[in-house]
Amino acid sequence: LRSSFALRAQKQQGRSSHYHLQPQASFKVAILGAAGGIGQPLALLIKMSPLVSTLHLYDIANVKGVAADLSHCNTPSQVVDFTGTSELASSLKGVDVVVIPAGVPRKPGMTRDDLFNINANIVKSLVEAVADNCPEAFIHMISNPVNSTVPIAAEVLKQKGVYDPKKLFGVTTLDVVRANTFVAQKKNLKLIDVDVPVVGGHAGITILPLLSKTRPSVSFTDEEIQELTVRIQNAGTEVVEAKAGAGSATLSMAYAAARFVESSLRALDGDGDVYECSYVQSDLTDLPFFASRVKLSNKGVEALISSDLQGLTEYEQKALDALKPELKASIEKGVTFVQKQA
Ligand code: NAD
Ligand code: LMR
């Protein structure tokens, strides 16, 4: 796993590694929604991490069998199952990273925002439990609509008096994974070398791949930029339509989420060279939450990387201006949802 995620991320940063610590299984990770389409393959990938000592699997149902199955893999981490709200608090005690893929996925014809009514309540109650039981943990929010569920989580944590903006992350890694894949295919590049920053948010036009900042430097025609940008923005819908009612991306999402977990654990373990794109509280634009590359440390977000937003092409600048009203409305919707219930 270290070679497939960590080294790839390092290579994509174009830096040599200063991280020569022997990986040791010492971190506790919890997955909330662990019996679901994302939760199961994600649990498998995290079970393979040499940095994890304990893996807590929580769901409202069906988690016992998943945990029994996974526990037979001869990798270091211990797997523990937790079912239902009465076991939620125990699933969170002493946890370093909480990953939240709990909630319903889209069906064809739906937007991510159509999931708001169900998933907002699920996320709110889960984050309340995180605030009560492991307020210092990194929180990785996968449940959609991410553009709103992250502001919901922030408001809940604020109400509980434990909000640390450096430790709350909307997982947008899948957008980067997709952008890297599609660009490498289109330009015939070696996949491992390609790194495209994706900024904004995680829905439709709010997903903005900055193709001009692709590393290694690549030139694109205007048609290629248009085609790639639209494909990256619609990639989630591409999967939803192909699955034809059976849900949305689960396997590529688990891969992307596992990469983000592994990066977080390396940062917690003292690696000073960890960068990922994520949707976080931000002052890079006039929006309170914005996805960009961030530098991670053991305290969470150590720095927001502003350089990607400098020297944008006219196409990217227009797309950035165009995404702001939608992203702003999604953020406000999340904040209002929590404040109305206070
Ligand atoms: P799924 O329906 O297969 O699994 C969801 C799981 O959540 C189920 O096991 C369900 O029992 C569980 N769950 C429901 N309510 C819960 C609660 N209150 N507490 C704990 N668990 C609960 O769905 P999935 O395909 O795994 O997708 C999950 C979410 O992830 C969806 O909202 C989807 O839109 C989102 N998603 C996000 C990204 C991203 O890039 N951020 C990518 C793919 C999917
Ligand atoms: C994705 O990008 O695949 C996810 O956000 C799921 C979806 O609804 O598209």
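The values are calculated or read from the model by the stated rules, or taken from the named source; none is laboratory data. What you see is a predicted model; the values in this text were computed from it and never measured. So basically every Cβ, Gly included, is an ideal-geometry build from the backbone, and we count neighbours across all protein chains shown.
Looking only at residues that are among the β-branched types (V, I, T) and in a loop (DSSP other than H, G, I, E, B) in region 137-189, which one is nearest to the chain's Cα centre (by Cα)? Talk me through it step by step, then tell me what you get.
Our first condition is that a residue be among the β-branched types (V, I, T); within region 137-189, this holds for 139, 142, 146, 149-150, 152, 156, 162, 171-173, 176-177, 181, 183.
Next, only the ones that are in a loop (DSSP other than H, G, I, E, B) stay: 142, 162, 171-172.
Values: I142: 6, V162: 21, V171: 1, T172: 4 Å.
Across region 137-189, the extreme among qualifying residues is V171.
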Unique residue being within 16 Å of ligand 2 (Cβ to nearest atom) and either over 23 Å from Q341 (Cβ atoms) or more than 19 Å from the chain's Cα centre (by Cα) (or both) when the list is V196, V123: V196
Qualifying residue in region 27-36 (condition: within 16 Å of ligand 2 (Cβ to nearest atom) and in contact (Cβ under 8 Å) with a residue 12 or more places away in the chain): yes
Matching residues, region 125-140, being touching a strand residue (DSSP E or B) at 6+ places or on another chain (Cβ under 9 Å) and either without any contact (Cβ under 8 Å) to a residue 60 or more places away in the chain or more than 10 Å from ligand 1 (Cβ to nearest atom) (or both): V127, A129, V130, C134, A137, F138, I139
Filter result (away from ligand 1 (no atom under 16 Å from the Cβ) and crowded, with 20+ Cβ neighbours inside 10 Å) within region 246-274: E262, L265, R266, A267, L268, D271, V274
Close pairs (8 angstrom Cβ cut-off, 6 or more residues apart or separate chains): of a type in the set (F, W, Y) in region 104-124, within 10 Å of ligand 1 (Cβ to nearest atom) and not in a helix (DSSP H, G or I) anywhere: F116/P145
Qualifying residue in region 217-235 (condition: modelled with pLDDT of 95 or more, within 16 Å of ligand 1 (Cβ to nearest atom) and buried (at least 22 other Cβ atoms within 10 Å of the Cβ)): yes
Close pairs (9 angstrom Cβ cut-off, 6 or more residues apart or separate chains): over 20 Å from L168 (Cβ atoms) in region 81-100, of a type in the set (K, R) anywhere: D81/K64; T83/K64
